[in-house]
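To keep things clear, I will list the structure first and then write my remarks on it.
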Amino acid sequence: MSVLRKPVAFCLIAASALYAAPASPAVSPIVERIDNTSFLQLEADSFNGLTPKQQALAYWLNQASIAINPIIFDQLSRFGLRQKSLLETLVTEKAKIDPPVYANILTYTKLFWGNRGNHNENTSQKFLPLFSAADLKKALEQSGHKDLIPEAEALGQSFFDADFEPLTTSKSPPAGKDIIEASANNFYSGVKLAELKGFTEHYRLNSRVAKVNGKITEQVYRTTAPGLYSVYLGKANEALTKARAYAEPDQAKVIADLIRYYQTGEYKDWLQFDTDWVANNPPVDFMNGFIEVYRDARGAKASSQSFVSITDQKLSDAMKKVADNAQYFEDRAPWAPQYKKQGVKPPVAKAVETTIETGDFHISTIGDNLPNENEIREKFGSKSFLLTGNSRALDAASGPASLNEFGSSPEEIARDIKYGPRAGDLMTAMHEVIGHGSGKLNPRLTEDAGFYLKEYFSALEEARADLMALWNIFDPKLKELGLVDSNEIGRAMYDGSARTMMTQLRRITKGDTIEEDHARNRQLIARYIMDKTGAIVMEERAGKTFVYVKDYKKMRAGVGMLLAELMRIKAEGDYNAIKALMDQYGVHFDPKLRDQVAARYKALNLPTYPVGINPDLTATFGPDGAVTKVVIWYPRDYVQQQLSYSAMFPKVK
């Protein structure tokens, strides 16, 4: 679909690619570490190059991002906002609570914020607090909040029972439950999957489907009554209205489109926003809305997310070289002629730093291609973002240790140290710029491919975009464009693709199935090629497992085979075919291998999950309420930042 997430196994090392690597930061981006989670400070130095008017625009767009942030906590769990409110009440009472208990509450709250709830953002699995129900009750008593003890008791199962709603999204449900019943997310209420078979959803992305008085209905996300999340969307519209005053006319129209969409919730208004947004390429850009469908097991309902970005023009010029040749790569794709798109509109492609990321947008996202709606892509194109600030923070926080541990040979390690960073960034750029949006559907399909491919669509689309990068990395056009100067870059990309299949398993701490779509994508690619061509090999040496590429030419042939088949499946809406492929290659893994990988990473003392700390923008206002000055600063204080975001709204009770 639209987001490439960094495989935070840290198999590649530093950021660079398409351009010279920046100097290492004087201050480490790692602000704090809690067990296997690291908290990283994001920076956006390009903000200081904006005009005062553009800085004021960024400020108000940031405020709109903060306004929608609470929504994701409710979308991922019906208990999320109540849990968040209770935890934040206690976090502000440090002086009154026994220090050991307070420390455990604070630790859990940080992880809760970072994962947008008490399920891991990457694995979907529930994590438990180190404090007990009795500790929670005592903390409420000590802090003078006895009135909240009944609320804590009501939330007890959601906090402390590992078997209660254990997965945010379950696409491989246990016996006796369907994918909706087995998922803890809040996109549905009282509804079973079978009951939706004959139900027509008018608000495809932005509604909760609920059974009310025995009747299935849609509870629409909008400001007009009856509207779900109207408080948050209303506050966002207030900030967006102020942002319009600082935007150029075309972008002001885009902002007005979004305001209207949040008022009505109508899909046609979202498409109008998409249309105007994709045609607009300002220095200060943004996305704010209900975007990705990964969290919904059906692949239908979208989660709330936002970012505000500043373009790095020098780096964007390099990405533009790929975008301008989109038709060239389309013509040489390995799929059947009837699925090749003609008249490809080069996507807007740019490298950016973000001033904020909220909702279901995370620091592990290093590339983004939007909009997702196929009817907009085919008519008007798309925008591709290379999120350099995210990559820079992730790469600066990592090092060569994992490559030295999991690299299969000195030759592979040396190659990937030298060429891996460029391979990684080219993978991201091509994934976003020529991967998503490529190909065309069979005209007989009356809906987007996701309608037909359901819970498997997102993983298929991520795999298809990855495969487009893998297929084209050896194309001489990249050398002609000055983006590649050695085939070793392609080999490093193939090494990383093979190795990540194994190293990513350390993030899945329980069970033997993969639920997250990006992880399914990587597993599918490597396992398929391993089985069909033998180009990827898994072998054990002295009790350690290694995965490596034995034959790069054969691997490319396997890449072409799978890419052609995934395009056919998407174009024809062949649900049975993608289910068979994914179930065979993308879902299951050997837990013994996972345990081995996890133990090796533990010995390296490397974190597994990253959480971003946004820059903060502070505005000064004149007597008329106009912004007179905006300052960017880097708080390195995750707790204070999250509490300041929550202060925009009254506590949930």
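The values are calculated or read from the model by the stated rules, or taken from the named source; none is laboratory data. Computed from a predicted structure; not experimentally measured. In this analysis, Cβ positions are derived from the backbone assuming ideal geometry, glycine residues included, and neighbour counts consider all displayed protein chains.
Condition first: touching a residue at least 24 places away in the same chain (Cβ under 8 Å), more than 14 Å from the chain's Cα centre (by Cα) and either under 30 Å from R636 (Cβ atoms) or part of a strand (DSSP E or B) (or both). Can you find one or more residues in region 364-371 that meet it?
No.
Of all residues in region 122-151, how many are in contact with a Phe, Trp or Tyr (Cβ under 7 Å, 6 or more places away or on another chain) and at pLDDT below 95?
1
What are the pairs with Cβ atoms under 6 angstrom where one residue, in region 544-557, is more than 9 Å from T533 (Cβ to Cβ) and the other, located anywhere, is among the basic types (K, R) and surrounded by 15 or more Cβ atoms within 10 Å (Cβ to Cβ)? Sequence gap at least six, or different chains.
V547/R499; Y552/R491
Inspect all residues belonging to region 411-420 and state whether any of them is part of a loop (DSSP other than H, G, I, E, B), out of contact with any helix residue (DSSP H, G or I) (no Cβ under 8 Å at 6 or more places or on another chain) and of a type in the set (G, A, S).
no
Based on this model, can you work out whether A210 counts as outside the structural domain of A279 (by TED's automatic domain parsing), among the small types (G, A, S) and under 25 Å from Y294 (Cβ atoms)?
It is true that A210 is outside the structural domain of A279 (by TED's automatic domain parsing), among the small types (G, A, S) and under 25 Å from Y294 (Cβ atoms).
Which of (1) assigned to a loop (DSSP other than H, G, I, E, B); (2) modelled with pLDDT under 95 is the odd one out, the single condition F474 does not satisfy?
Going through the list (1) assigned to a loop (DSSP other than H, G, I, E, B); (2) modelled with pLDDT under 95, F474 breaks only (2).
I need a count of the residues in region 509-555 that are closer than 30 Å to H119 by Cβ, among the hydroxyl-bearing types (S, T, Y) and in a helix (DSSP H, G or I).
Total meeting the criteria: 1.
Can you tell me which of P623, P650 is modelled with pLDDT under 95, surrounded by fewer than 12 Cβ atoms within 10 Å (Cβ to Cβ) and not assigned by TED's automatic domain parsing to the domain that holds G234?
When all the criteria are applied, what remains is P650.
Has region 134-143 got any residue that is in contact with a Ser or Thr (Cβ under 6 Å, 6 or more places away or on another chain) and touching a residue at least 12 places away in the same chain (Cβ under 8 Å)?
Among the residues of region 134-143, not one is in contact with a Ser or Thr (Cβ under 6 Å, 6 or more places away or on another chain) and touching a residue at least 12 places away in the same chain (Cβ under 8 Å), which makes the answer no.
Going by the conditions given, is Y232 part of a helix (DSSP H, G or I) and touching a residue at least 60 places away in the same chain (Cβ under 8 Å)?
In short, yes.
From F457, F474, which residue is aromatic (F, W, Y) and surrounded by fewer than 24 Cβ atoms within 10 Å (Cβ to Cβ)?
Checking each option against the conditions leaves just F474.
Evaluate the following for Y494: is it of a type in the set (F, W, Y), touching a Leu at 6+ places or on another chain (Cβ under 8 Å) and closer than 24 Å to P421 by Cβ?
It is true that Y494 is of a type in the set (F, W, Y), touching a Leu at 6+ places or on another chain (Cβ under 8 Å) and closer than 24 Å to P421 by Cβ.
Table: residues versus (1) assigned by TED's automatic domain parsing to the domain that holds R298; (2) among the acidic types (D, E); (3) touching a Lys or Arg at 6+ places or on another chain (Cβ under 8 Å).
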residue: D485; (1), (2), (3): yes, yes, yes
residue: A492; (1), (2), (3): yes, no, yes
residue: S497; (1), (2), (3): yes, no, yes
residue: M502; (1), (2), (3): yes, no, no
residue: I525; (1), (2), (3): yes, no, no
residue: E540; (1), (2), (3): yes, yes, no
residue: V549; (1), (2), (3): yes, no, yes
residue: L563; (1), (2), (3): yes, no, yes
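Out of region 124-141, which residues are touching a helix residue (DSSP H, G or I) at 6+ places or on another chain (Cβ under 7 Å) and either under 30 Å from I179 (Cβ atoms) or crowded, with 17+ Cβ neighbours inside 10 Å (or both)?
F127, L128, P129, F131, D135, L136, A139, L140
Name the single residue that is nearest to D466 (Cα to Cα) among those in region 329-357 being charged (D, E, K, R), at pLDDT 95 or above and crowded, with 19+ Cβ neighbours inside 10 Å.
E330
From the list T241, T217, which residue is more than 26 Å from the chain's Cα centre (by Cα), part of a strand (DSSP E or B) and either under 16 Å from W60 (Cβ atoms) or without any contact (Cβ under 8 Å) to a residue 12 or more places away in the chain (or both)?
T217
Could you tell me which of the residues E488, E447, E461 is closer than 22 Å to G435 by Cα and at pLDDT below 95?
E447
Conditions first: (1) outside any helix (DSSP H, G or I); (2) over 29 Å from the mean Cα position of the chain (by Cα). T200 passes all but one, so which condition is the exception?
That leaves (2) as the condition not met.
Kindly indicate whether any position in region 556-578 is crowded, with 21+ Cβ neighbours inside 10 Å, assigned to a helix (DSSP H, G or I) and touching an Asp or Glu at 6+ places or on another chain (Cβ under 8 Å).
For region 556-578, residues crowded, with 21+ Cβ neighbours inside 10 Å, assigned to a helix (DSSP H, G or I) and touching an Asp or Glu at 6+ places or on another chain (Cβ under 8 Å): present.
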